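The values are calculated or read from the model by the stated rules, or taken from the named source; none is laboratory data. These figures come from a predicted structure and were not determined experimentally. Keep in mind that these areas ignore ligands, DNA and RNA; they rest on the heavy atoms of the full protein, side chains included. Shrake-Rupley method; radii C 1.70, N 1.55, O 1.52, S 1.80 Å.
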Amino acid sequence: MKVIGLIGGMSWESSVEYYRIINEEVKRRLGGLHSAKCLLYSVDFEEIERFQSNGDWKKAGEVLGDVALSLEKGGADFIVICTNTMHKVIDDVQSKINIPLLHIADATTTQIKEQGISSIGLLGTKYTMEQDFYKSRLESNGINVIVPNDNEREIVNKVIYDELCLGKVHQASRDYYKKVIQGLIESGAEGIILGCTEIGLLIKPEDSDVPLFDTTYIHAREAVNMSLKK
């Protein structure tokens, strides 16, 4: 079993889900008392969010790169960044280490293609929905990406940072997200990416008429695949 290096804390609520899913999946596959070999470095999200809002992605990349290097020195065989948004700096992180990084969008793309879906709706932080670092990974695989309109993106983003990252789950926000999802479906989305690792805390499969791709679950399971690969 390879050692999984987890960069978490962005937010810790979703990092808990990563840890749970990874260990449950290892137990399911191996049985008995098996659990995952992993190292978790949980950052202070206040610091990272400040870099995000100030547009200081270079500094954010330096911080996460140092974290990844610490995990490598600690014995990690590969790295998982437990957030969609910070994959914007994945090249900066990779340049600091000599072990692989498991990209969350690549794992998600594989799942989408396996279901024969060619047009996907994307929910996430405003950075993930509006910038190319994430969407381009999907589009380069022939998948059309549809995002909410400007006002919807602002509210979707606000719910993530002001509620979900603080562990708050409100029915009114669930209802709003369901409305946004329905709008994406009406615009041609054949599936929906929950492209922020907190959204799975709010939205469940029964909240959508098309398949949901929960990136937390997909990424965590792919980490197990890589850990157990012979």
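Things worth noting here:
- Shape call, the chain: gyration tensor on alpha carbons, a/c limit 1.5: prolate
- Cross-link check: pairs LYS27/LYS88; LYS2/LYS96; LYS2/LYS204; LYS158/LYS204 evaluated at a Cα-Cα cut-off of 28 Å; pairs beyond the cut-off: LYS27/LYS88; LYS2/LYS204.
- On Cα atoms only, tilt of 57-74 relative to the major axis of the chain in degrees: 40
- What a 1.4 Å probe finds exposed on the range 1-133 is 47% carbon and sulfur by accessible area, rounded to a whole percent.
- Each residue of the range 32-44 was assigned a 3J(HN,Hα) from its phi angle through the Karplus curve 6.51 cos²θ - 1.76 cosθ + 1.60 (θ = phi - 60°); the sequence is x, 9, 4, 9, 6, 8, 8, 10, 10, 10, 9, 7, 8 Hz, with glycine and proline shown as x.
- Accessible area of the chain divided out per residue, in Å², using a probe of 1.4 angstrom: 46
- Whole-Hz Karplus values for the range 129-138 come out as 6, 9, 9, 8, 4, 9, 4, 5, 5, 6 Hz, taken residue by residue from phi with 6.51 cos²θ - 1.76 cosθ + 1.60 and θ = phi - 60°; glycine and proline positions read x.
- Cα-based helix-to-principal-axis angle, 104-114 vs the chain, degrees rounded to 10: 60
- The distance linking the range 13-90 with the range 160-175 is 22 Å (Cα centroid to Cα centroid, whole angstrom).
- Spatially proximal aspartates and glutamates relative to LYS37 (Cα-Cα < 18 Å; intrachain offsets below 8 disregarded): GLU17, GLU24, GLU25, GLU72, ASP77, GLU222
- For the chain, the longest principal axis of the C-alpha atoms and the axis of helix 171-186 are separated by about 70°.
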